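The values are calculated or read from the model by the stated rules, or taken from the named source; none is laboratory data. Keep in mind the model is a prediction, meaning the values are calculated, not measured. As a convention, Cβ positions derive from the backbone with ideal geometry for all residues, glycine included, and neighbour counts pool all protein chains shown.
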Amino acid sequence: MTTENRLAEIKCFVFDVDGVLTDGMVIALESGEQVRNFNIKDGYGIERALLAGYQVAIISGGDQLGVQKRLAFLKIRHVHLGVKDKVSVLTNLCSELAITPSQMAYVGDDWPDFEVMQLVGLPCCPSDATEEIQAISQFVSSKNGGHGCVREVIELVMKHQGTWRKFDNENINN
């Protein structure tokens, strides 16, 4: 299947967190909290996707309170943190949303994403993803993780499907 055909099929965006929605850096505070940086443009893209009726899900091995709060602020309903078996979560998500893996774009950056990325219709990664992940990706973003790669993937799909400009006048807070 061509990338164009894959783009046309996407109904759901699935993202890893560390190295995708963040730059992969962690600031370890004396309190024990581990702070991550999120890109506001990625948040805007997620909100546009949700507004246009796409499903958005998170499947991540990490599970920090600050990450949970950011994802809640973005109104992402399908958040799976602390995950060891991403394939099982993806399979359950497909059942819950009544879609197939071929209707999903998944953005991952490292080895824990490898197996699940091989199942989806549009495997994607940031430009600084590991070599193995880049090799299996249908789309490699021009942006690094945490620096707009999520927005670039969302825009790519939505522009291809004619939905990106659909809600230009909506007030979105990211």
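What pairs can you find where one residue is in the stretch 148-160 and outside any helix (DSSP H, G or I), the other is charged (D, E, K, R), and their Cβ atoms are less than 6 Å apart, with a gap of 6+ or different chains?
Gly148/Lys41
Let's see how each residue does on (1) outside any strand (DSSP E or B); (2) basic (Lys, Arg); (3) at pLDDT 95 or above:
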position: Asp18; (1), (2), (3): yes, no, yes
position: Gly45; (1), (2), (3): yes, no, yes
position: Val56; (1), (2), (3): no, no, yes
position: Asp63; (1), (2), (3): yes, no, no
position: Ser95; (1), (2), (3): yes, no, yes
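Identify all residues within the stretch 65-82 that are within 24 Å of Leu29 (Cα to Cα) and either in a loop (DSSP other than H, G, I, E, B) or touching a Lys or Arg at 6+ places or on another chain (Cβ under 9 Å) (or both); write none if there are none. Please lay out each step first, then the result.
Initial filter on the stretch 65-82 (within 24 Å of Leu29 (Cα to Cα)): 65-73, 81-82.
Scanning the stretch 65-82 gives Gly66, Val67, Arg70, Leu81, Gly82.
I'm trying to understand the selection: among the residues of the stretch 120-146, which are in a helix (DSSP H, G or I) and crowded, with 17+ Cβ neighbours inside 10 Å?
Listed by number, the list holds a single entry, Ile133.
What do you reckon, is Lys86 under 22 Å from His160 (Cβ atoms) and either under 14 Å from the mean Cα position of the chain (by Cα) or surrounded by fewer than 22 Cβ atoms within 10 Å (Cβ to Cβ) (or both)?
No; evaluated as a whole, the condition is false for this residue.
Quick one: in the stretch 1-16, of everything that is assigned to a loop (DSSP other than H, G, I, E, B) and out of contact with any His (no Cβ under 9 Å at 6 or more places or on another chain), which residue is surrounded by the fewest Cβ atoms within 10 Å (Cβ to Cβ)? It would help to see each step written out before you state the result.
Step one: list which residues in the stretch 1-16 are assigned to a loop (DSSP other than H, G, I, E, B), which gives 1-2, 10-11, 16.
Checking the rest, the ones that are also out of contact with any His (no Cβ under 9 Å at 6 or more places or on another chain) come to 1-2, 11, 16.
Numbers: Met1: 11, Thr2: 8, Lys11: 18, Asp16: 30.
Step by step, filter the stretch 1-16, then rank; the result is Thr2.
Condition first: without any contact (Cβ under 8 Å) to a residue 24 or more places away in the chain and in contact with a strand residue (DSSP E or B) (Cβ under 8 Å, 6 or more places away or on another chain). Now tell me which residues in the stretch 113-139 satisfy that.
Met117, Pro123, Ser127, Gln134, Ile136, Ser137
List pairs: first residue in the stretch 60-79 and closer than 21 Å to Asp113 by Cα, second residue part of a helix (DSSP H, G or I) and small (Gly, Ala, Ser) anywhere in the structure, Cβ distance under 9 angstrom, at least six positions apart or on different chains.
Val79/Ala72
Return yes or no: is Ala52 under 17 Å from Lys75 (Cβ atoms), surrounded by fewer than 23 Cβ atoms within 10 Å (Cβ to Cβ) and not acidic (Asp, Glu)?
yes
Only one of (1) surrounded by fewer than 16 Cβ atoms within 10 Å (Cβ to Cβ); (2) under 22 Å from Pro101 (Cβ atoms) fails for Val26. Which number is that?
If we test Val26 against (1) surrounded by fewer than 16 Cβ atoms within 10 Å (Cβ to Cβ); (2) under 22 Å from Pro101 (Cβ atoms), just (2) comes out false.
Under 7 Å between Cβ atoms, at least 6 apart or on separate chains: pull out the pairs that start in the stretch 21-32 with a residue that is within 17 Å of Arg151 (Cβ to Cβ) and end on any residue that is outside any loop (DSSP other than H, G, I, E, B) and at pLDDT 90 or above.
Leu21/Phe15; Leu21/Phe38; Leu21/Asp42; Leu21/Val150; Thr22/Phe38
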